[in-house]
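Trainee: One structure, as structure tokens, below. Some questions next.
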Amino acid sequence: MADQFTTGPIPSFDQPEPEPREECGVFGVWAPGEEVAKLTYYGLYALQHRGQEAAGISVADGHQIVVFKDLGLVSQVFDEQVLSSLRGHVAVGHCRYSTTGSTTWENAQPTFRTTATGSGLSLGHNGNLVNTAELRDRATALGVTSRNGATTDSDIMTALLAASAADKGLEQAALEVLPTIRGAYCLVFSDESTLYAARDPHGVRPLVLGRLERGWVVASETAALDIVGASFVREVEPGELIAIDTDGLRSSRFASPEPKGCLFEYVYLARPDTSISGRSVHATRVEIGRRLAVEHPVEADLVVPVPESGTPAAIGYAQGSGIPFGTALVKNAYVGRTFIQPSQTIRQLGIRLKLNPLREVIRGKRLIVVDDSVVRGNTQRALVRMLREAGALEVHVRIASPPVQWPCFYGIDFASRAELVANGLDLDGIRRSIGADSLGYVSLEALIAASEQPKTRLCAACFTGEYPIELPDDALIGKHLLEGIEKGVAGSAAPLQPAGYGAEDALRRP
Ligand code: SF4
């Protein structure tokens, strides 16, 4: 039908939308006799998809901590010379995508503070807090607010830990401070000789413990253990603090676990070769595709993935439907990894910068296109148009997650609620908006079943609006919240309102 792709809001036709973005990856090593900086470098390499704005590594040798960090990809920040100069037996690594505070050198991690007794503390954080304003007030009362220009919830946490550690030591300080922090946090931190890891009581983000022959590793994903040759031991439990030093590994509980793991990690965020809560992410995505084929069948000639995150679900859809799987889109894997700003002429190429169609495969075919999720709908709109221009007879879009209708406050940067295409349109409205012949989303029930996790142990708030960690009514939780406070601009971020946000900063949160 001609009007399927000539009607609907098409403001920037070929512009792909930014993909949902993780906020960070963390990695830690305690391994005397090993090149811990290089191990951390490779660990961060495996976690690069979780944060591509800045990277940093701190190394401690029993006497001092040295932090090296900068804006850029892991491979841009570190070279052989820098890594060789970072000597010690404890390392903390971090790759950042900003969800609180701007993209500045000061906000790159690991953060660093000294205690009143002169010992150091470096910290890497994956997640997002929901009581940052309250923590900031406490830090202000203690006189330990930012002295280094940092404007992140992670810096506030570091300041509170360092302030508390002065008289009781870091381990005891962590056991007292962590229960007062609300939100999503996986922490890897160290002083001069001990590596620590902690996970919030809801365990929203993944964090795993691995074993080296001569030490221990902590990482956001199991894939990062594999790359450094560490064997998987177990997950860091929600509400658990781990300390590793010459006395061995100690585990303490600072809160009762109430698991609410992020369901979207299975859909898109985590690497396919990672396992979360014992379930392979790749296997989950294939199973989602199989269930999608049962829930939304259609006659077609070829099942094609939107590479690469749509590939496992497309394999599953092909298995479930009996329709052949094929490659119709080739991804330019490196184009999103440049810091060179494209000119307007190049920008107008839009999705063509990232994906190129294989015309000889597409021409004359009825296609089922499988993607992981839809946020604003711009990518799918541009894709459908590209496939039609390449000669597709029909384009049926299948999505391996339910409609994203709510923002995430626990560490994922989607878009404002107003920008989410599923928030303003019904299914047929979205189909018309993206110009597809048909559109089907997998159901929430099927997605949860594919993850093999009990529903009660998952967060699915971006699909349901039911937030498992309470969001205070009047919380100020905009991305630039702390910058607003620094400037004395009360309310520079909008108060939290689940619908009808007013300020862009708050909308783009977390
Ligand atoms: S709201 Fe969505 S993206 Fe955020 S933690 Fe929950 S499931 Fe994950």
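Trainee: May I ask you to list pairs of residues, at least six apart or on different chains, whose Cβ atoms are under 9 Å apart, with the first in the stretch 129-150 being assigned to a helix (DSSP H, G or I) and the second being modelled with pLDDT of 90 or more and hydroxyl-bearing (S, T, Y)?
Mentor: Note: pairs meeting the criteria are E134/T180; L135/T180; R138/T180; L142/S164.
Trainee: Would you mind telling me which numbered condition in (1) within 16 Å of the ligand (Cβ to nearest atom); (2) surrounded by 24 or more Cβ atoms within 10 Å (Cβ to Cβ); (3) over 26 Å from E35 (Cβ atoms) E221 fails?
Mentor: (3)
Trainee: Right, something else. Looking only at the stretch 174-190, how many residues end up being β-branched (V, I, T), surrounded by fewer than 23 Cβ atoms within 10 Å (Cβ to Cβ) and in contact (Cβ under 8 Å) with a residue 40 or more places away in the chain? So that I can check it myself, show each step before the final result.
Mentor: If we filter the stretch 174-190 for residues that are β-branched (V, I, T), which is where we start, we get 177, 180-181, 188.
This time we only want the ones that are surrounded by fewer than 23 Cβ atoms within 10 Å (Cβ to Cβ), so: 177, 180.
Filter once more, so that each one left must be in contact (Cβ under 8 Å) with a residue 40 or more places away in the chain: 180.
Within the stretch 174-190, residues that are β-branched (V, I, T), surrounded by fewer than 23 Cβ atoms within 10 Å (Cβ to Cβ) and in contact (Cβ under 8 Å) with a residue 40 or more places away in the chain number 1.
Trainee: Take residues that are without any contact (Cβ under 8 Å) to a residue 24 or more places away in the chain and more than 10 Å from the ligand (Cβ to nearest atom) and tell me which of the helices (runs of 4 or more DSSP H) falling wholly in the stretch 394-469 contain 1 or more.
Mentor: Details: elements: 421-424, 427-434, 444-451, 461-464.
Because the criterion is at least 1 residues that are without any contact (Cβ under 8 Å) to a residue 24 or more places away in the chain and more than 10 Å from the ligand (Cβ to nearest atom), the helices (runs of 4 or more DSSP H) in the stretch 394-469 that meet it are 421-424, 427-434, 444-451.
Trainee: Here is a list of conditions, (1) more than 16 Å from the ligand (Cβ to nearest atom); (2) over 22 Å from L123 (Cβ atoms); (3) crowded, with 20+ Cβ neighbours inside 10 Å, and D226 meets all of them except one; can you say which number that is?
Mentor: Tallying (1) more than 16 Å from the ligand (Cβ to nearest atom); (2) over 22 Å from L123 (Cβ atoms); (3) crowded, with 20+ Cβ neighbours inside 10 Å, D226 fails exactly one: (3).
Trainee: Restricting to the stretch 271-293, name every residue that is within 15 Å of the ligand (Cβ to nearest atom), in a helix (DSSP H, G or I) and more than 18 Å from H49 (Cβ to Cβ).
Mentor: I288
Trainee: Picking from V204, V177, V92, which residue would you name as being assigned to a helix (DSSP H, G or I) and at pLDDT 95 or above? Write out each step before concluding.
Mentor: Values: V204 fails: assigned to a helix (DSSP H, G or I); V92 fails: assigned to a helix (DSSP H, G or I).
Answer to the selection: V177.
Trainee: Of the residues T327, T246, only one is assigned by TED's automatic domain parsing to the domain that holds P179 and surrounded by fewer than 20 Cβ atoms within 10 Å (Cβ to Cβ); which? Before you say what the answer is, go through the steps one by one.
Mentor: Working: T327 fails: assigned by TED's automatic domain parsing to the domain that holds P179.
None of the other options fit; the residue is T246.
Trainee: Here is a further query. For residues that are of a type in the set (A, V, I, L, M) and under 21 Å from D200 (Cβ atoms), tally how many sit in the stretch 226-238. So that I can check it myself, show each step before the final result.
Mentor: As a first pass, look at the stretch 226-238 and keep what is of a type in the set (A, V, I, L, M): 227-228, 230, 233, 236.
Filter once more, so that each one left must be under 21 Å from D200 (Cβ atoms): 233, 236.
Number of matching residues: 2.
Trainee: Looking only at the stretch 151-173, count how many residues are crowded, with 23+ Cβ neighbours inside 10 Å and under 21 Å from P257 (Cα atoms).
Mentor: Of the residues in the stretch 151-173, 1 are crowded, with 23+ Cβ neighbours inside 10 Å and under 21 Å from P257 (Cα atoms).
Trainee: Determine, yes or no, whether V304 is surrounded by 23 or more Cβ atoms within 10 Å (Cβ to Cβ), β-branched (V, I, T) and at pLDDT 95 or above. Walk me through how you get there before you give the answer.
Mentor: Values: surrounded by 23 or more Cβ atoms within 10 Å (Cβ to Cβ): yes; β-branched (V, I, T): yes; at pLDDT 95 or above: yes.
Judged against the criteria, V304 is a match.
Trainee: Restricting to the stretch 317-334, name every residue that is part of a helix (DSSP H, G or I) and in contact (Cβ under 8 Å) with a residue 40 or more places away in the chain.
Mentor: Matches in the stretch 317-334: Y317, S321.
Trainee: Restricting the first residue to the stretch 243-270 and requiring it to be within 16 Å of the ligand (Cβ to nearest atom), which pairs with a second residue that is among the basic types (K, R) meet a Cβ separation below 7 Å and a spacing of at least six or different chains?
Mentor: Hits for this filter: P259/R457; K260/R457; G261/R457; C262/R205.
Trainee: Do you know which of the residues in the stretch 200-218 that are closer than 13 Å to F27 by Cα and touching a residue at least 24 places away in the same chain (Cβ under 8 Å) is surrounded by the fewest Cβ atoms within 10 Å (Cβ to Cβ)?
Mentor: Here the residue is W216.
The rows are residues; the columns are (1) closer than 30 Å to E287 by Cα; (2) buried (at least 20 other Cβ atoms within 10 Å of the Cβ); (3) at pLDDT below 95; (4) of a type in the set (K, R).
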position	(1), (2), (3), (4)
T338	no, no, yes, no
Q344	no, no, yes, no
I351	yes, yes, yes, no
L355	yes, yes, yes, no
E360	yes, no, no, no
D371	yes, yes, no, no
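Trainee: Okay, next question. Checking the condition at pLDDT 95 or above, surrounded by 14 or more Cβ atoms within 10 Å (Cβ to Cβ) and in contact with a helix residue (DSSP H, G or I) (Cβ under 7 Å, 6 or more places away or on another chain), which residue from H282, H296 passes?
Mentor: Going through H282, H296 in turn, just one is at pLDDT 95 or above, surrounded by 14 or more Cβ atoms within 10 Å (Cβ to Cβ) and in contact with a helix residue (DSSP H, G or I) (Cβ under 7 Å, 6 or more places away or on another chain): H282.
Trainee: If you don't mind, there's one more thing I want to ask. Since N131 meets every condition but one in (1) within 27 Å of A270 (Cα to Cα); (2) crowded, with 24+ Cβ neighbours inside 10 Å; (3) not charged (D, E, K, R), which condition does it not meet?
Mentor: (2)
The values are calculated or read from the model by the stated rules, or taken from the named source; none is laboratory data. Computed from a predicted model, the values in this text were never measured in an experiment. Cβ atoms come from the backbone with ideal geometry, glycine included; neighbour counts cover every protein chain shown.
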